[in-house]
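Please read the structure below before turning to the comments.
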Protein chains: 2
Amino acid sequence: MKRAFAELRSRLAEIEDLARVNVLMRWDTETHMPPAGAGARAEQRATLVSVLHDRRTDPALGSLLERLRPFEEAHAPESFEASLIRVARRDHDKAVRVPTRLRGELARAASLGYEAWLRASEAEDYAIVLPHFQRNLELRHEYVACFAPAGDPYDVVLDDYEPGLTTAEVEAIFDRLKAPLLAMARAAAAAGPGDDDCLRGSFPRDAQRRVALAILSAWGMDDAAWRLDDTVHPFQASMAIADIRLSSHFDESNLHGVLWTLHEFGHGLYERQLDVAYARTPLAHGASCAFHESQSRLWENLVGRRLSTWRWCYPTLQAELPAQFADVSLETFHRALNRVHPSLTRGDADEVTYGLHVILRFELERELLAGRLDLRELPAAFDAKMREYLGLDPPSLALGVLQDVHWADMMFGYFPTYLLGNIVSVQLWERAEADIGDLDERFERGEFAPLADWLREHVHRFGRTLTPHELLRRITGAGIDADPYLAHLERKLAGQTGPPAAGGR
Amino acid sequence: MKRAFAELRSRLAEIEDLARVNVLMRWDTETHMPPAGAGARAEQRATLVSVLHDRRTDPALGSLLERLRPFEEAHAPESFEASLIRVARRDHDKAVRVPTRLRGELARAASLGYEAWLRASEAEDYAIVLPHFQRNLELRHEYVACFAPAGDPYDVVLDDYEPGLTTAEVEAIFDRLKAPLLAMARAAAAAGPGDDDCLRGSFPRDAQRRVALAILSAWGMDDAAWRLDDTVHPFQASMAIADIRLSSHFDESNLHGVLWTLHEFGHGLYERQLDVAYARTPLAHGASCAFHESQSRLWENLVGRRLSTWRWCYPTLQAELPAQFADVSLETFHRALNRVHPSLTRGDADEVTYGLHVILRFELERELLAGRLDLRELPAAFDAKMREYLGLDPPSLALGVLQDVHWADMMFGYFPTYLLGNIVSVQLWERAEADIGDLDERFERGEFAPLADWLREHVHRFGRTLTPHELLRRITGAGIDADPYLAHLERKLAGQTGPPAAGGR
């Protein structure tokens, strides 16, 4: 049995290696690849993904997993051995449903879709990306059909990102949120735009990058195991527990890129703090995408927009951008950073209205997948919902339906995890604060290790050994609960959370 | 038969895709990877190379190639079909000699060796890299044994870079060169160091990079299909015919990085100008490493050190580095750039003494592979030959045995191709000039397309359809001939080649 387990480990190590190579290809495609390389890259990714899929679906792996059932049962469910076998079986069972040809096609279409999205965004021409959206949706339908779902087809795509969560559960959570969010958005719009003048202007990219890196360096990033690159649509990719790649996008006209970088750090820290014993196994990933987003949103919003954090790092920003900030008080800057007002793009939405951007996309995705919305009508449907939920009319495709890469990139079903991540981030934050004590006092001194350590201990190190549901229950004693999040937003809207007095919330 | 050929193409396309993925991994390892990622990367490369090797050695591929013999014979030897089958058979026949396990080990050891070499160079500590050199040599011996060579074991490693060429042939060529090179080196040393003061000082990296890119842009590089990154040991890597990656190293104290960049461009142009019909086939590579080096050395030296070229681009250098060059005449700069004087490092050696650096390494490699030289004695043996051939005593490991990455990187057998490339570059140059007419007149006007076009037409587009021997014979009517090269060097030493009068050589 020990030999069978060793064979399993060796097979899984190779699968994991190839999966990381695929991550490298995505990272390169979106950060460094010359545009003319896109066609060849699409073929290369399709080939690699096919090889990977063949390994994942190898019948010999299936029988090995069967043979290991007694071995699994002889170990505690949370042991490395039982966890590895359980997770490997889940992956294998899902993989065998999908023919290798389709896996390759999905990869090829995602690469080509990404490249078309870049061109369409630049040319402001939906016609460029439409055939790719159509192809992607067609392939996603084929994919869904492999699982012959009894209920909602959306369940299938959701499960890839949020294992075990159903569309109905997401819907219930989003239903709980939608009315209060709409009311808050309306109230924010009615209250007027507020003052964030200090965040508009001209901010040299290099200075923004230095500010972001100065903050991240205090948060735990180092040159030995991390790097930061430029991209169009920010993302995090890890090649290994000790090889974390953040990518961001710095626009000279605003400071969004700094916050995006803090966001991606949250993803990176999760991967960086996994138990090293899980290296080269399928356990070396976050529990789910919502858990991953909980980490990115926690560092971006709950830490990155916090007054105590900026008490510590605002002098750095002022030193890097003296012409812009020497005469701006910390309080003015912090208020601007936390201003609540409906905006056109999800990526730089304030915390309060952010959820509506996600709900809008979730609703559109469901319509698309159910065949009730034609992709040709998507831009109009997107704009209509923007008007309805946020009272805004996208003036361009880049500020409308093409602002996100996900549908070009084949990531149908991912969007909900952003909002679920927000919800979970507040649940985790409350728990962390209860455990650690006053975080603001520490942040003001530039001490972020206690929070990072808490997250490693309670969230990160487990990897995929626990399901997202088990992990959340273990930490908070509850399931996904939108109430703390809503309360947080209410306080934010009321201007109470944003700038807490030292020592208070 | 057509179906069998289609199946062959499909198999070869997947093999080629995976091979390019491996190139991407190398590129990333040497340009962007955070150092702590090295361990995981070594495993990932080993896994990928094993997968690739399994495909290359698949018995089904072997029988397909057998079945296609009549099909091959029904096509002209230079046809796409016959060439593809012939080259694929050669690759398959070589691959099946090597067990997959050993292939994986070689890849793993090369990655780990590279990383150790970086650390050893920085720490100036041979002990760090010695066990890796030892492991590499051991694995290379295992590799050689797979081919059970009748003659020199060096034949086996050489054949991977220079198909069809034997060690004895290389030896004969180098023997022809060695005495004249030693005499020239001695003459150069005796003539005194010359004046290259203008090339020493402080040259900001960004300015150097802009100069290099300005030149390369006129030579045919564009942003759509090329990029330039930083690395420690410059190299070129192509992910596809339309995805060419140059990497270089700019040191603020000299301008070597500019010339290295021009060198790598020569490699890149070869890959960029391959016949696009060969994409995703094993034909989409240069004919051999010597041919590749002939291209890099041609652009670096025969074009990049030429007076007519600098007549055109010296104003750019002066504009980018006014403090350094405003008061330096073109003639002074050009004389400095072509100064002949023994130097410690191969990478920035002058054209005349360059060959001795290669011969020295070739001789040491042969001793190592034959087991006549112990790796522990390598630094001393290296230094002794430096004294003997160039009259210099390396003051450090970084300027001595650790200046090149090849032995750490498993590239035993590569060095000779540098010198062979130099020889071939002069043979090609004479042919090109005879065909095109006066190149200097064109270069002065910034016109490099006629040369690039000639190279595409006569060298690049063929890829691997012709052996290096056939290709050289077709272009020059002769085999590798050291005489034109020696004559070129004699003129260089005499100060006659370097600064030709307009219209002259």
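Each 10 Å bin from 0 upward holds the following percent of the Cα-Cα pairs of region A:274-429: 10, 30, 29, 22, 9, 0. Among A:CYS198, A:CYS289, the order by Cβ neighbours within 10 angstrom, fewest to most, reads A:CYS198, A:CYS289. Charge tally for B:GLN318 (other residues, Cβ to Cβ under 14 Å; Lys, Arg +1; Asp, Glu -1): -1. Residues A:LYS178, B:LYS492, A:LYS2, ranked from the fewest to the most other C-beta atoms within 10 Å, line up as A:LYS2, A:LYS178, B:LYS492. Computed about the Cα centre, the dipole magnitude for region B:351-390 is approximately 60 debye when only Lys and Arg (+1) and Asp and Glu (-1) carry charge, each at its Cβ. What are the ³J(HN,Hα) couplings of region A:345-360, residue after residue, when phi is run through the Karplus curve with 6.51, -1.76, 1.60 and θ = phi - 60°? Round to Hz, x for glycine and proline. Calculated HN-Hα couplings, in order: 10, 4, x, 10, 5, 5, 4, 6, 8, 3, x, 5, 4, 6, 4, 4 Hz. In the distance distribution for chain A, Cα-Cα pairs more than 32 Å apart total 41 percent.
For the protein assembly as shown, the share of DSSP beta bridges that are antiparallel, to the nearest 5, is 50%. Distances between copies of B:PRO99, taken at a point 7 Å out from Cα along the Cα→Cβ vector and listed shortest first: 3.8 nm. Full extension of the segment from B:CYS313 to B:GLU367, taken as 0.36 nm per residue of separation minus the current Cα-Cα distance, would add 15.0 nm.
Lys and Arg at +1, Asp and Glu at -1: add these up for the other residues within a Cβ distance under 13 Å of A:GLU73 and post the number. Summing Lys/Arg as +1 and Asp/Glu as -1 gives +1. Between identical copies, the spacing of B:ASP453 label points, each set 7 Å from Cα toward the C-beta atom, reads 7.0 nm from nearest to farthest.
Annotation for region A:236-297: GluC sites (Glu not before Pro) lying in DSSP loop with at most 11 further Cβ atoms inside 10 Å of their Cβ do not exist. Each label was represented as a point 7 Å from its Cα along the Cα-to-Cβ direction; for B:SER10 and B:ARG387 these points are 6.4 nm apart. Please compute the net charge surrounding B:SER343, taking Lys and Arg as +1 and Asp and Glu as -1 over other residues with Cβ under 12 Å from its Cβ. That sum, taken over residues with Cβ under 12 Å, equals -2.
With label points defined 7 Å past Cα in the direction of Cβ, position B:SER396 shows copy-to-copy spacings of 5.0 nm, given to one decimal and shortest first.
Each DSSP beta bridge with both residues in chain B is either parallel or antiparallel, and the antiparallel ones are about 50%. Volume per residue for region A:1-128 equals 123 cubic angstrom (convex hull of Cα atoms). Think of chain B as having a plus end and a minus end, set by charges on the Cβ of Lys, Arg, Asp and Glu; of B:THR231, B:HIS32, B:SER121, B:HIS32 sits farthest toward the positive end of this dipole.
Ranked for footprinting exposure by Cβ neighbours inside 10 Å, fewest first, A:GLU470, A:GLU388, A:GLU66 give A:GLU66, A:GLU388, A:GLU470.
None of the figures in this text is laboratory data; all of them are computed from the coordinates on show. Not measured: the values here are computed from a predicted model. Cβ coordinates were reconstructed from backbone atoms using ideal geometry, including for glycine residues, and neighbour counts include every protein chain displayed.
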